[in-house]
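Note sheet for the following structure.
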Amino acid sequence: MSVYGYIRKEYPLPTVKQVDELSRCEFEFDELYIEEHDLKSYKELEQLLKSVKPGDHVVVCNLNVFSKGMAEFKQLLMLLSEQGIRLTSLLEDIDTERSPNFYSDVIKVLEIEEQHRRFIIKTSLEKAKLAGKITGRPKIDKQVINEINFLFKHKGKTMREIADICHVSLGTVHKYVSNNETNDKNEVSSIVK
């Protein structure tokens, strides 16, 4: 069984404080992974997850070092649980060896929160629709769709140029050009058959 430490520079605590906490704990580390301060960086965490084997132990100062949203945090906990990894968070006094239901309990709470969030979004959209508010992308007139395809196919315009000419977003141009190319391929394959 290997013991791994994981730190994120300056988050949620100064790096020195995290190193100090890990060095004062009872565990001897086989390896220490130090993540960049950028909260979107997960290179070291990915390396750690590739290294761990069932029965290994991951120690952090605080669960915030993972800097994950709820859905991502749930996925991380599920992965650690499925692999049989012991997780210890020193400042929160969490140890999955002492609290074997930690993973399942937290995952359940995160699922409840996820369901609640979906319900709130759904009801908010329904209320907005009843109030006459338009949600989502605006409808595109068939004439504009035809113009997008004509400019792309016959005039050789770039998608960005077409977006400017037709006063639509680049994503809208991409959507209708891609749909048209798919339809053209389907027409050709049905003719060949």
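For the stretch 3-106, a simple Cβ point-charge model (Lys and Arg +1, Asp and Glu -1, everything else neutral) yields a dipole of about 260 debye relative to the Cα centre. Under the combined filter of DSSP loop state and at most 10 neighbouring Cβ atoms within 10 Å, the stretch 1-102 retains these trypsin sites (Lys or Arg not before Pro): Lys40, Arg98. Exposed loop sites were defined as GluC sites (Glu not before Pro) in DSSP loop states (anything but H, G, I, E or B) carrying at most 15 other C-beta atoms within 10 Å; in the chain the longest segment without such a site runs 98-193. Note on the stretch 46-106: Cα convex hull, mean projected area over all directions, 3.9 nm². Averaging 1/r over every pair of different alpha carbons in the stretch 117-180 and inverting the result gives a Kirkwood radius of 13.4 Å. Rg and Dmax over the alpha-carbon atoms of the chain stand at 25.6, 73 Å. Here's the list of lysines a cross-link from Lys108 could span, going by alpha-carbon distance under 18 Å and ignoring same-chain residues fewer than 8 apart: Lys68, Lys74. Bridgeable lysines around Lys155 (alpha carbons under 27 Å apart, same-chain partners fewer than 8 residues away excluded): Lys139, Lys142, Lys175, Lys185. With the simple spin-label model, which puts each label point 7 Å out from Cα in the Cβ direction, the Phe27 to Asn146 separation comes to 6.6 nm. Over all projection directions, the Cα-based convex hull of the stretch 3-106 averages an area of 5.9 nm².
Taking amide hydrogens as placed 1.01 Å from N in the peptide plane, the amide H of Tyr33 sits under 5 Å from those of Gly5, Tyr6, Ile7, each at least 5 positions away in sequence or on another chain.
Averaging Cα coordinates gives a centre for the stretch 1-51 and one for the stretch 88-160; these two points are 31 Å apart. So which aspartates and glutamates can Lys43 reach, going by Cα to Cα under 17 Å and dropping same-chain residues fewer than 8 places off? Those aspartates and glutamates meeting the cut-off are Glu10, Glu31, Glu35, Glu72.
Values in this text are rule-based calculations from the coordinates and carry no lab data. As the structure is a computational prediction, the values presented were derived from the model and not from experiment. Note: ideal-geometry Cβ built from the backbone for every residue, glycine included; neighbour counts use all protein chains shown.
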